[in-house]
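Notes for the one structure printed next.
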Amino acid sequence: MKTIFLGISLFVSFIAHGQIVLDDFSTGPMSQKKHSTIAESKLTQSGSNILNNQRDILVKIKKNDDKQLILSKIEKGRMVISMGYNITGAIELRYGYDRTKPLNLNLSKYKSLNIEYEAKSNFGRVYTSMFSNGPNRAFWRGGGNRTLFEGKERGFTLKIPLVELQKAQDNKNTNAFTIKDVDHIKIQFLAQNKRGLNFTIKNIYFE
């Protein structure tokens, strides 16, 4: 009986007040990691307050002439990222990439994917892609609005309208992307200017 109640409480924590919580960073902690090599590194955490219980973090560095660091950690309900001076790279969050347990989300009744920041230092783009039926996807690149990606000293929420997702049929032999069956999701935070990028995220959710 205790196990049943625990399962119900976790379900309610994910779907409450018209929201689906993708990740509130309260579980799946990660000690601080340092990256400087031009490469792609993958870090995986598990936790009960991560949708599908698994979060993958990819650290991608394409250019680092000054040999600076990307620092990343998850603790106290926050993901803290520092991407050093003159680094061209990205932090990518992935959910639902354990193919034995696709997310199978029906998002047709939701309006936006929300990313709640504690703060953000400089201009840095955020891209997202959602997949169903294998490679077929829909993506968002900001809709041409650069002001969405500016830094802010205080907390704010980036709202990504689901109606602005653009469909891409990467495999014509399989069914098209559908918002009624989102199997996995990736969110990319890009550093592309000399000043680098620092930010902290507290919650990612659909509403």
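The values are calculated or read from the model by the stated rules, or taken from the named source; none is laboratory data. Computed from a predicted model, the values in this text were never measured in an experiment. Don't worry about glycine lacking a Cβ; one is built from the backbone with ideal geometry, like all the others, and counts go over all protein chains shown. Side chains included, ligands, DNA and RNA excluded: accessible areas come from the protein's heavy atoms. Shrake-Rupley method; radii C 1.70, N 1.55, O 1.52, S 1.80 Å.
Is it the case, given these coordinates, that K194 is in contact with a Phe, Trp or Tyr (Cβ under 8 Å, 6 or more places away or on another chain), over 17 Å from S112 (Cβ atoms) and surrounded by fewer than 14 Cβ atoms within 10 Å (Cβ to Cβ)? Spelling it out, K194 is indeed in contact with a Phe, Trp or Tyr (Cβ under 8 Å, 6 or more places away or on another chain), over 17 Å from S112 (Cβ atoms) and surrounded by fewer than 14 Cβ atoms within 10 Å (Cβ to Cβ).
Considering the stretch 174-191, and only residues there that are in contact (Cβ under 8 Å) with a residue 60 or more places away in the chain and out of contact with any Phe, Trp or Tyr (no Cβ under 9 Å at 6 or more places or on another chain), the residue that is least open to solvent (accessible area, probe 1.4 Å) turns out to be A191. Identify, please: which residue in the stretch 75-95 is open to solvent by less than 10 Å² (accessible area, probe 1.4 Å) and among the β-branched types (V, I, T) and is, among those, farthest from the chain's Cα centre (by Cα)? Here the answer is I87.
For Y95, the test of being within 24 Å of K194 (Cα to Cα) and in contact (Cβ under 8 Å) with a residue 24 or more places away in the chain is failed.
Which condition from (1) part of a loop (DSSP other than H, G, I, E, B); (2) modelled with pLDDT of 95 or more; (3) closer than 20 Å to I204 by Cβ is the one that K180 breaks? With (1) part of a loop (DSSP other than H, G, I, E, B); (2) modelled with pLDDT of 95 or more; (3) closer than 20 Å to I204 by Cβ applied to K180, the lone miss is (3).
Selection within the stretch 116-128: residues that are over 14 Å from G151 (Cβ atoms) and of a type outside the set (D, E). The member of this set that is least open to solvent (accessible area, probe 1.4 Å) is T128. Only one entry in L58, L107 is over 14 Å from the mean Cα position of the chain (by Cα), modelled with pLDDT of 95 or more and open to solvent by less than 10 Å² (accessible area, probe 1.4 Å), namely L107. Of all residues in the stretch 183-207, those that are charged (D, E, K, R) and either modelled with pLDDT of 95 or more or touching an Asp or Glu at 6+ places or on another chain (Cβ under 6 Å) (or both) total 4.
Within the stretch 127-149, the set of residues being hydroxyl-bearing (S, T, Y) and either on the phi > 0 side of the Ramachandran plot or assigned to a helix (DSSP H, G or I) (or both) comprises just one member, T147. Taking the condition among the acidic types (D, E) and within 13 Å of F199 (Cβ to Cβ), does E150 pass? Yes.
Residues that are in a loop (DSSP other than H, G, I, E, B) and either more than 25 Å from D56 (Cβ to Cβ) or in contact (Cβ under 8 Å) with a residue 60 or more places away in the chain (or both) within the stretch 150-168 comprise E150, G151, E153, R154, G155, listed in sequence order.
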